[in-house]
Each structure stands twice: as C-alpha cells, then as structure tokens.
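Note sheet for the following structure.
The values are calculated or read from the model by the stated rules, or taken from the named source; none is laboratory data. Owing to the predicted nature of the structure, the values given are computational and were not obtained by experimental measurement. Ideal geometry is used to build each Cβ from the backbone, glycine not excepted, and the neighbour counts take in all protein chains shown. Side chains are part of the model used for accessible areas, which takes the heavy atoms of the whole protein and leaves out ligands, DNA and RNA. Shrake-Rupley method; radii C 1.70, N 1.55, O 1.52, S 1.80 Å.
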Amino acid sequence: MKCILMNKNKEVLIVEYNETSKFFDYIYEVKDIDYAPYILKSFYIENDINDNLFRTNLSEWFKGRGIPSWRDKLDILLHRLNITAPYELLDKALGLSLSDQYWLKPYDSNILYDDINFFDNDFDYAEFMEASLSTNGSQITKEASLKTPNNTTDGMLKKAWIIDNGTRYLLKGGYKNETLQPFNEVLASEICKRLGFNHVEYTIDTYKDIVVSKCPCFITKDTELITCYQIKNEMKRHDNLEDYEEYIKKLEDYNIKNAREKLENMYILDYIIMNEDRHLNNFGIIRDVNTLEWIDVAPIFDNGQSLNLEYYDEEEIHISGNGRLFYEVKSFDEIIKVVKNIKRIEISKLDGIVEWFDDLLHQYQYLTGYSDSRINKLCILLNSQINKLKELILN
Ligand SMILES: Nc1ncnc2c1ncn2[C@@H]1O[C@H](COP(=O)(O)OP(=O)(O)O)[C@@H](O)[C@H]1O
Ligand SMILES: [Mg+2]
C-alpha cells in the first residue's frame with residue numbers, strides 16, 4: 001500500500017508499505033528527512049534513498065513500535081485480542097502512539113492528524129485494558145478495541161492506556177505474580193517530589209483487585225520522546241564513563257539546560273531505590289515535533305524494578321542487585337560516583353519517607369498479601385540506602 005510516513009502534519013517519506021510483512025518495500029520520495037524518527041538519521045543516504053539498510057531500519061523502527069515479544073503474559077493477551085502476533089496490531093490504528101506523533105497516512109486519503117490522533121480523540125480502551133491487566137478476561141468483541149494507542153506500547157510489563165476525565169493515563173501492572181513494581185513507582189515519585197527532580201507522577205490504582213501504577217502521559221501533541229537508545233545509536237560505544245559524558249555533551253550541544261544535573265538526579269534516585277532497570281530506553285529527551293528543538297530531558301519514568309525485587313527471600317535480606325550506567329552494569333556505590341556534587345542534595349527532605357512507604361505498603365496489604373516481615377525488609381533496605389547517601393553527603 002502506498003503511504004506517507006507522517007510526523008504530525010509533516011510529510012516525511014512516501015513509501016510502499018507491505019501490510020503482510022510490515023516491511024517498507026520501496027521509498028518513492030523523501031519529503032523531509034529531518035522530521036523522520038531520530039534513529040533513522042544515521043542510516044539515511046541522500047543519493048540512495050532505497051538503500052537496503054535504511055529500509056531495514058525503517059521497518060525495524062516501525063515494528064519496534066509494537067508490543068515486544070517479551071511482554072509479560074503475551075500469549076494470554078494475544079489470545080484475548082484474537083490475534084497471533086503483536087505486529088498484527090501495528091497498522092490497525094495508522095501506527096499512532098501516545099509517545100510521539102508518527103503515523104502512516106494512506107497515500108490517496110485526506111485524513112487529518114487533528115481528526116485521528118489519540119491525544120485529542122478518544123479511544124475505546126475498556127476491552128484492551130481487561131485483556132491486558134485482568135486475570136480472568138474474556139476475548140474482545142469490538143473491532144474498535146484494536147484502534148487504540150495500546151497497539152504501540154513498549155516494555156515488559158502488562159500495561160494499558162486509559163482515559164480518565166479527559167487525561168490519558170498509562171496503567172502498569174507487576175511482572176508475573178509480583179506486585180511491587182507499582183509501589184516502587186509511587187515511592188520513586190515521592191522521592192523525586194521531595195528532592196525536586198523532574199519526574200512522572202505515579203499513583204497506586206486498582207483494577208479488579210489488581211494493583212497497578214497510574215501515570216499521566218508526559219507527551220503532548222507537540223512533542224515526542226526520543227529515548228537515549230535512539231540518540232546513542234549513532235555514537236561510538238565505549239563501555240565506560242565516556243558513554244555517559246558524550247551523551248551529556250550531546251544534550252548540551254542541543255541546548256538542554258542543566259543536562260548533567262538532571263541526569264545525575266536520575267542516578268541519585270536509582271541509588272536510593274536500587275533501580276536495576278535504567279537501560280537506554282528508560283530515559284531520554286523530549287523534542288518539539290514542530291520545530292525539532294530539543295526541549296528538555298524527559299521526566300524520570302519507569303522506576304519499578306527496584307528494592308531488590310529479583311532477590312526477595314522471606315528468610316534474609318540479599319543485597320545483590322546492580323544498577324546500570326549506559327552499557328555497563330555496576331554496583332550502585334560505583335554509579336553514584338558520577339554525581340559531581342552530592343552535597344547539593346537536601347537529604348533531610350527524605351525524613352519520614354521510610355515510615356511513609358511502610359504505611360503505603362500496609363495500606364494495600366489486603367490486596368498484595370505481603371507479610372509484615374517482607375514490608376519490614378523493604379523498609380530496612382530503603383532506610384539503609386538513604387543512610388548511605390547521607391554518609392556520602394556528609395563526607
Ligand atoms: N507517561 C508516559 N507518557 C508517554 N509515554 C510513556 C509514558 N510512560 C511510558 N511511556 C512510553 O512507554 C514505554 C514503556 O513504558 P515503561 O514505563 O518503560 O514500561 P516497562 O516498565 O514495561 O518498561 C516507555 O519506554 C515510553 O516510551
Ligand atoms: Mg521501560
């Protein structure tokens with residue numbers, strides 16, 4: 001099918017899109033490559049627009065918009081949606097997402113972005129939410145349930161976009177039978193709020209007795225999220241601190257204010273909650289899709305894989321998790337060293353937060369079934385990280 005790859009109202013590429021293979025078989029014309037997804041920049045060859053590598057990466061980028069093969073309980077989700085693979089969903093809603101403004105416009109259509117984007121236009125989310133989050137959901141019945149931004153969500157956790165009072169929220173569950181992720185998200189928000197870090201605000205919500213985290217969409221119709229992964233893709237990989245430094249340099253070159261401090265804030269949070277999942281798609285920048293200006297570092301999001309989640313044991317406290325600093329997996333004590341002036345942190349703002357977290361976990365004990373001993377161990381861990389940070393600040 002002949003289509004135009006659009007970025008909001010801007011024509012980017014005129015392409016032949018193969019609806020069966022989901023591959024971009026041919027590029028008829030390049031309209032404005034600057035407005036293409038950032039990751040494609042480094043593959044584009046001006047005098048060979050049909051270069052195989054470029055089209056492969058374009059197709060990979062498009063497929064990468066879909067639900068990944070490693071999504072928790074994917075088989076159940078597919079069954080409930082009555083499809084066999086996530087890529088079947090890719091073009092059901094023109095490829096639209098709530099994290100950017102790209103879409104595929106059929107060549108001969110006169111569809112307007114204003115009429116179809118999910119930021120302004122409501123979508124039917126109830127059946128997808130049930131299919132994704134519920135433990136005993138049934139198969140969907142409405143074709144409209146497949147015309148939602150839920151076709152294009154990344155990440156491992158079960159999740160669903162919903163609309164509540166006009167606002168778009170992302171609901172995220174735990175992984176398999178674990179339910180700590182939502183609480184860790186809320187804890188991270190509380191820490192960020194107290195320390196003044198720009199963050200996505202997560203709250204606890206319940207859906208049919210299932211605990212989920214709920215956060216508003218941090219993208220607007222004028223912006224897109226470009227993850228660090230996309231930005232680093234065109235940069236040399238060092239597997240040492242240079243990866244971090246070069247990324248900061250790049251952000252500064254694009255006039256992002258206080259880029260270093262903002263990145264440091266993310267690693268300070270990761271230290272406090274022992275977040276093991278700061279891979280390159282879990283942070284990035286916000287770009288203006290109209291002017292292509294890099295506006296800011298994206299607010300801190302996806303902090304759920306924390307507090308030694310993988311190593312929980314009723315008997316003892318294992319402190320075995322590692323953090324991530326770009327391509328390296330390192331101890332939190334190592335990673336925190338990137339912070340140039342840790343004394344800028346007003347650690348007293350965290351006074352009482354352990355008790356606050358203890359209360360939160362007890363409040364939902366009737367749903368999570370956490371033992372008092374587990375809650376106690378989580379609080380001990382959190383307390384010990386905060387105390388270690390205090391020591392770093394004092395010394
Ligand atoms: N509040 C949000 N607004 C817009 N996009 C979001 C928001 N939260 C997450 N995303 C996008 O969805 C992806 C998956 O969300 P994430 O929280 O990372 O889930 P997971 O824990 O499964 O990795 C993110 O990488 C990001 O692209
Ligand atoms: Mg993620």
Query raised in the report: How many residues are touching a Phe, Trp or Tyr at 6+ places or on another chain (Cβ under 6 Å) and within 12 Å of ligand 1 (Cβ to nearest atom) when one looks only at the stretch 177-187?
Result: 1
Requested in this report: Please go through the stretch 288-306 and pick out each residue that is touching a Phe, Trp or Tyr at 6+ places or on another chain (Cβ under 6 Å) and more than 13 Å from ligand 1 (Cβ to nearest atom).
Outcome: Trp294
**Report entry** Test for Lys159: is it open to solvent by 40 Å² or more (accessible area, probe 1.4 Å) and out of contact with any Phe, Trp or Tyr (no Cβ under 7 Å at 6 or more places or on another chain)
**Finding:** no
Report summary line: When the stretch 182-198 is checked residue by residue, the ones that are touching a strand residue (DSSP E or B) at 6+ places or on another chain (Cβ under 8 Å) and closer than 14 Å to Ser348 by Cα are Cys192, Lys193
Query raised in the report: Going through the stretch 167-219 one residue at a time, which ones are under 29 Å from Trp294 (Cβ atoms), part of a loop (DSSP other than H, G, I, E, B) and open to solvent by 50 Å² or more (accessible area, probe 1.4 Å)?
Result: Gly196, Asn198, Glu201, Phe218
**Report entry** Pair list, Cβ < 7 Å and 6+ apart or interchain, from the stretch 318-346 residues that are closer than 24 Å to Ile380 by Cβ and in a loop (DSSP other than H, G, I, E, B) to residues that are of a type in the set (Ser, Thr, Tyr) and open to solvent by 20 Å² or more (accessible area, probe 1.4 Å)
**Finding:** His318/Tyr311; Ser320/Tyr311; Gly321/Tyr311; Asn322/Ser331
Report task. Inspect all residues belonging to the stretch 202-222 and state whether any of them is at pLDDT 95 or above, of a type outside the set (A, V, I, L, M), in contact with a Cys (Cβ under 6 Å, 6 or more places away or on another chain) and within 16 Å of ligand 1 (Cβ to nearest atom). Result -> yes
Report summary line: Note: among Lys249, Lys262, just one is assigned to a helix (DSSP H, G or I) and either open to solvent by less than 60 Å² (accessible area, probe 1.4 Å) or within 15 Å of ligand 2 (Cβ to nearest atom) (or both), namely Lys262
Query raised in the report: Of the residues that sit in the stretch 350-395 and are within 23 Å of Ile268 (Cβ to Cβ), touching a Leu at 6+ places or on another chain (Cβ under 9 Å) and free of Cβ contacts under 8 Å to residues at least 40 places away in the same chain, which one is surrounded by the most Cβ atoms within 10 Å (Cβ to Cβ)?
Result: Val354
Report summary line: Filter the stretch 270-286 for residues that are surrounded by fewer than 24 Cβ atoms within 10 Å (Cβ to Cβ) and assigned to a strand (DSSP E or B); the one that is farthest from ligand 2 (Cβ to nearest atom) is Ile286
Query raised in the report: If you take the residues of the stretch 153-166 that are part of a loop (DSSP other than H, G, I, E, B) and closer than 18 Å to Asp100 by Cβ, which of them is farthest from ligand 2 (Cβ to nearest atom)?
Result: Thr153
Requested in this report: Output the residues belonging to the stretch 134-152 that are open to solvent by less than 30 Å² (accessible area, probe 1.4 Å), part of a helix (DSSP H, G or I) and more than 15 Å from ligand 2 (Cβ to nearest atom).
Outcome: Ser145, Leu146, Pro149, Asn150, Asn151
Report task. Residue by residue through the stretch 110-133, note down the ones that are in a loop (DSSP other than H, G, I, E, B) and open to solvent by 10 Å² or more (accessible area, probe 1.4 Å). Result -> Asn110, Ile111, Leu112, Phe118, Phe119, Asp120, Asn121, Asp122, Phe123, Asp124, Tyr125
Query - Answer residue from the stretch 151-176, given it is more than 11 Å from ligand 1 (Cβ to nearest atom) and in contact with a strand residue (DSSP E or B) (Cβ under 6 Å, 6 or more places away or on another chain) and is farthest from Glu60 (Cα to Cα) among those - result: Ile162
